[in-house]
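Read-outs: derived from the displayed coordinates by stated rules, not from any lab. Just so we're clear, the structure is a prediction, and the values are computed from it rather than from any experiment. Cβ placement follows ideal geometry from the backbone for every residue including glycine, while neighbour counts extend to all protein chains displayed.
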Amino acid sequence: MKHDILGLVEQSDGHPFDAVATLRYGSRDIKFGICPDDQPFETTLKLAAEVANRLTELDRQAMQVAVRDLRDGYNNGWNEYDEAQEDGSLKAVINPQLSEAEFEAKLTLTAVNVTGDRILDFFYDDERMFWGHSVRKLAQRHRFKRGTRRDFRRASGAWQNQALHLTGDI
């Protein structure tokens, strides 16, 4: 189906999404996974369109939270590891600690999953800072009265920060 904001929305069998859209964002394509969960498809599609309209703003907010929550962890352990050599020995690798700007520059939005009428997942490539694990920013819209908005960082402002997770086995 063709959508005014999301472009071509390809519907599937529901595994893992009921539909997928690909949007141009800067110089790259971002996949939007659309999963109605317990909501009508049109409700989730409307939320996906809202997110697409606000993608620059929401991406910026999610990255700021990622920097705030993950940079210290990177600088205090994830930047150091042992690399196996061909002869079976290990070589210590110690990458430099990163400033907030350097850390943020390594994050690139790759996908957004929209679930139901209020759950968003923002996925970031992190240039292997976390050894191949994905950086995921989860946001959940709380039920609210018409006319009010919430965002990632302000409880008074459509999204409230719920969690920031490294996905995969660590």
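Among the residues in segment 100-114, are any under 21 Å from Leu55 (Cα atoms), in contact with a strand residue (DSSP E or B) (Cβ under 8 Å, 6 or more places away or on another chain) and small (Gly, Ala, Ser)? Checked against the condition, which is being under 21 Å from Leu55 (Cα atoms), in contact with a strand residue (DSSP E or B) (Cβ under 8 Å, 6 or more places away or on another chain) and small (Gly, Ala, Ser), segment 100-114 yields at least one hit. Please tell me if Glu50 is charged (D, E, K, R) and exposed (fewer than 12 other Cβ atoms within 10 Å of the Cβ). So Glu50 fails the test.
If the condition is being under 18 Å from Leu107 (Cβ atoms) and either in contact with a strand residue (DSSP E or B) (Cβ under 8 Å, 6 or more places away or on another chain) or of a type in the set (Val, Ile, Thr) (or both), then segment 25-50 contributes Tyr25, Arg28, Asp29, Ile30, Lys31.
Annotation: of all residues in segment 97-131 being of a type in the set (D, E, K, R) and within 15 Å of the chain's Cα centre (by Cα), the one that is surrounded by the most Cβ atoms within 10 Å (Cβ to Cβ) is Asp126.
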